[in-house]
Amino acid sequence: MEWRVGVLRSGAENVVWTDHGAGSDWQSARDDAVEALYERAVREGLGEYRIQVGEQEGYTWPGMTEASELDLSIIRDILPRQYWSA
């Protein structure tokens, strides 16, 4: 199953798909994509990020903690850990 991660950078109109790959199943593809999204957010900081695994898409906007550090806590839960298709 294919996955990709993108970022909508400040002043841009379109998402730049920066990272991509494939996993043997939903869970491995999701885990790889979430890890790539986490690493991308660490490198790029605040912004709007996209993640797509198969046909499932997610959006996230990391925030700042009270200590003025990047808050990436929501990224690990952006997509469900399991997926069932109809």
Next on the checklist: What is the angle, in °, between the Cα long axis of helix 26-44 and the longest principal axis of the Cα atoms in the chain? Nearest 10 is fine, range 0 to 90.
Outcome noted: 20
Next on the checklist: Cβ neighbours within 10 Å, averaged per peptide: list 58-71, 34-47 in order, most packed at the top.
Outcome noted: 34-47, 58-71
Checklist outcome for this item: With a 1.4 angstrom probe the carbon and sulfur portion of accessible area for the chain, in percent, totals 46
Checklist entry - When ligands, DNA and RNA are left out and all protein chains stay put, how many square angstrom of accessible area per residue does the stretch 2-77 have with a 1.4 Å probe? => result 59
Next on the checklist: With an 8 Å Cα cut-off and a minimum separation of 6 or more residues, compute the relative contact order for the chain in percent.
Outcome noted: 28
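The values are calculated or read from the model by the stated rules, or taken from the named source; none is laboratory data. Predicted, not measured: the structure shown is a model, and the values here were computed from it. All Cβ positions, glycine included, derive from the backbone under ideal geometry; neighbour counts span all protein chains shown. SASA here: full protein model, heavy atoms, side chains in, ligands and nucleic acids out. Shrake-Rupley method; radii C 1.70, N 1.55, O 1.52, S 1.80 Å.
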